[in-house]
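Asks: A single structure is presented below for examination.
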Amino acid sequence: MKKMLPFTRPTIDEETIQSVVEVLRSGWLATGPKVAALEAALSSYLGGRPVRTQTSATAGMEMALLACGIGKGDEVITPALSFVATANVIVRVGARPVFVDVGLDSRNIDLDQVEAAITPRTRAIMPVHFAGLPVDMDRLYAIAGKHKLRVIEDAAHAIGSAWRGRKIGSCGDLVCFSFHPNKNLTTIEGGAISGGSPDEIKTIELQRWHGQVKSGVDGFDTLIAGGKSNLSDVAAAVGLGQLRHLEEFNARRRQLVARYFELWSDRPPVRLPERGDDGHSWHVFTPLLPLDTLRISRPRFIEAMKEQGIGVGVHYPAIHLFTAYRELGYREGQFPNAERIGRETVTLPLFPAMELSDVDRVVEAATQILQGARK
Ligand SMILES: *Cc1c(COP(=O)(O)O)cnc(C)c1O
């Protein structure tokens, strides 16, 4: 068998590894100077906005909701297609996720349906910049402004993405990034929130570390029953090393995707995702399999690719069809695009250390398997 090509793999350079060794030798491992340096570097990358790191985007999004005062009796509008974390955090703060469908090729929240889903209980919109393709920010914020809603952006895929020249996270309300190893920038596990009002940022800081402040009789007080989601300096050192390469990594992702589009420019055996422009950071490359015209299932396709030494992922099944969400009353047939994407999507290899010839190999294998499986 040929060398295994995974669907994603982080690139960590020697300098970053050395910087982690230095932190380990420094005697200060938890939140300290490296976290402060990472927050400052991210802030400067995002045009000077306040940035607060967390141990994950999930933790960040949950805190963002709490910071906006969202809880029991409130509704938050979010797409039916995303990683389940986007909806889980809404449920966890006691609010109701109100799903809307996504565009079949953009995978992004359908803004026409957002307006229709607004009720007197709606407090926020939680869109996802799927695969790093920015949501139409002008329309999104026009809707939010008109109905006085906060926007909590799930930007887990979108570090380095830009909407009409403006970086995602350099504008908007509360923008939550993920630094999981699969994402375009990693801190091993980690996340960050860019933006927020001064009060919201204060709440995020309290939620992140036990609600503690340096005041009161003994020099510390606990203002709220906060949690514990502060990033470590070890993780931040990895993030600082990654941030130095982010633009180069994302440019490489765009080159690799351009190769996929070029090789599949003529009657592709898959349905290609929306291409976007240079503001697309291409976290994942996720075409759809035309299952209606095939004799094989998606698991069989994934297995056949694996036999050729190629890893294939699934991002993602539709959220509303998971047991926990059916229990909230959601059912099949409500969001046809999310459901079709959930059934047909496959994530093909895409990461900065890939060669263009790896793309050729993936396209050749997938085309051959799919052509051989036509009904
Ligand atoms: C990865 C991901 C998350 C969660 O990120 P963590 O840092 O792992 O908590 C949330 N939303 C989307 C769309 C993601 O892809």
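The values are calculated or read from the model by the stated rules, or taken from the named source; none is laboratory data. Quantities reported herein were computed from a predicted structural model and do not represent experimental measurements. So basically every Cβ, Gly included, is an ideal-geometry build from the backbone, and we count neighbours across all protein chains shown. Only protein heavy atoms, including side chains, enter the accessible area calculation; ligands, DNA and RNA are left aside. Shrake-Rupley method; radii C 1.70, N 1.55, O 1.52, S 1.80 Å.
Asks: Return one whole number: the accessible area per residue of the range 245-372 in Å², for a 1.4 Å probe.
Replies: 45 Å²
Asks: Sticking with this structure for a sec: By its C-alpha gyration tensor, with a ≥ b ≥ c as the square roots of the eigenvalues, how is the chain shaped: rounded for a/c under 1.5, else prolate for a/b larger than b/c, else oblate?
Replies: oblate
Asks: While we're on this one: Using alpha carbons only, how many degrees (0 to 90, rounded to 10) separate the axis of helix 233-243 from the longest principal axis of the chain?
Replies: 50 degrees
Asks: Here is a follow-up. May I ask you to list the residues of the range 104-130 whose amide nitrogen lies under 15 Å from a point 7 Å from Cα along the Cα→beta-carbon direction of residue 142?
Replies: 111-116
Asks: Residue 153's amide H: which non-local residues (gap 5+, or another chain) put their own amide H closer than 5 Å, with H modeled 1.01 Å from N in plane and none for Pro or chain starts?
Replies: 174, 175, 176
Asks: To continue, here is another question. Which links in 34/167; 72/183; 72/202 stretch past 27 Å when you go from one Cα to the other?
Replies: Too far apart for the 27 Å limit: 72/183.
Asks: Let me ask you something else. List, in order, the whole-Hz ³J(HN,Hα) value for each residue of the range 91-107 obtained from phi through the Karplus relation with A = 6.51, B = -1.76, C = 1.60 and θ = phi - 60°; use x for Gly and Pro.
Replies: Residue by residue, the range 91-107 yields 5, 4, 8, x, 8, 9, x, 9, 7, 10, 6, 10, x, 5, 9, 7, 6 Hz.
Asks: Looking at the chain, which longest stretch skips every one of the GluC sites (Glu not before Pro) that is in a DSSP loop with at most 16 other Cβ atoms within 10 Å, leaving the sites themselves out?
Replies: Between exposed loop sites, the widest span is 1-273.
Asks: A further question on this structure: Would you please give the residues with an amide H less than 5 Å from that of residue 347, counting only those at least 5 places away or on a separate chain, with H modeled from the backbone geometry?
Replies: Amide H to amide H, under 5 Å and 5 or more residues apart or across chains, residue 347 pairs with 313, 314, 315.
Asks: Let me ask something additional. Report the extension gain between residue 119 and residue 244 in nm, rounded to one decimal, defined as 0.36 nm multiplied by the number of residues separating them, less their alpha carbon distance.
Replies: Once the chain is fully extended between residue 119 and residue 244, it gains 40.6 nm.
Asks: Can you tell me the length gained on complete extension of the stretch residue 375 to residue 84, counting 0.36 nm per residue apart and subtracting the Cα distance?
Replies: Additional length available on full extension: 101.4 nm.
Asks: Using amide H atoms built 1.01 Å from N in the peptide plane, name the residues 5+ places from residue 31, or on other chains, whose amide H lies under 5 Å from its own.
Replies: Long-range HN contacts for residue 31: 233.
Asks: Here's a follow-up. Can you work out the Karplus-derived ³J(HN,Hα) for every residue in the range 16-23? Use 6.51 cos²θ - 1.76 cosθ + 1.60 with θ = phi - 60°, whole Hz, and x for glycine or proline.
Replies: 3J(HN,Hα) across the range 16-23, in whole Hz: 5, 4, 4, 5, 5, 4, 4, 4.
Asks: DSSP loop trypsin sites (Lys or Arg not before Pro) in the range 92-191 with at most 13 other Cβ atoms within 10 Å of their Cβ, which ones?
Replies: 121, 148, 164
Asks: Could you please put 264, 163 in sequence from largest to smallest accessible area, using a 1.4 Å probe?
Replies: So the residues, ranked largest to smallest area, are 163, 264.
Asks: Hey, with R₀ at 30 Å, roughly what FRET efficiency would residue 262 and residue 307 work out to, going by the Cβ-Cβ distance, to 0.05?
Replies: 0.70
Asks: How much solvent-accessible surface does residue 326 expose, in Å² to the nearest 10, with a 1.4 Å probe and all protein chains in place?
Replies: 100 Å²
Asks: Accessible surface of residue 147 in the full protein assembly, 1.4 angstrom probe, to the nearest 10 Å²?
Replies: About 70 Å², rounded to the nearest 10.
Asks: Give me a comma-separated list of calculated 3J(HN,Hα) values for the range 284-290, in order, Karplus coefficients 6.51, -1.76, 1.60 applied at θ = phi - 60°, integers in Hz, x for any Gly or Pro.
Replies: Result, ordered by residue: 9, 10, 10, x, 9, 8, x Hz.
Asks: Now, a different point. Quick one: go through the range 120-146 and flag any residue whose amide nitrogen is under 20 Å from the point 7 Å out along the Cα-to-Cβ line of residue 199.
Replies: 121-125, 144-146
Asks: Separate question: What is the chain's relative contact order, in percent, from Cα pairs under 8 angstrom and six or more apart in sequence?
Replies: With pairs under 8 Å counted, the relative contact order is 23 percent.
Asks: Place +1 on the Cβ of every Lys and Arg and -1 on the Cβ of every Asp and Glu in the range 1-160, take the dipole about the Cα centre, and give the residue among 134, 106, 21 whose Cα lies farthest towards its positive end.
Replies: Result: 21, furthest along the dipole toward the positive end.
Asks: Return the calculated 222 nm mean residue ellipticity for the chain, to the nearest 500 deg cm²/dmol, obtained by summing -39500 (n - 2.57) across DSSP H runs with n ≥ 4 and dividing by the residue count.
Replies: -11500 deg cm²/dmol
Asks: Under a point-charge model restricted to the Cβ atoms of Lys and Arg (+1) and Asp and Glu (-1), what is the dipole moment magnitude of the chain relative to its Cα centre, in debye to the nearest 20?
Replies: For the chain, the charge dipole is close to 560 debye.
Asks: Residue 41 to residue 209: extension gain in nm, 0.36 nm per residue of separation minus the Cα-Cα distance?
Replies: Once the chain is fully extended between residue 41 and residue 209, it gains 58.3 nm.
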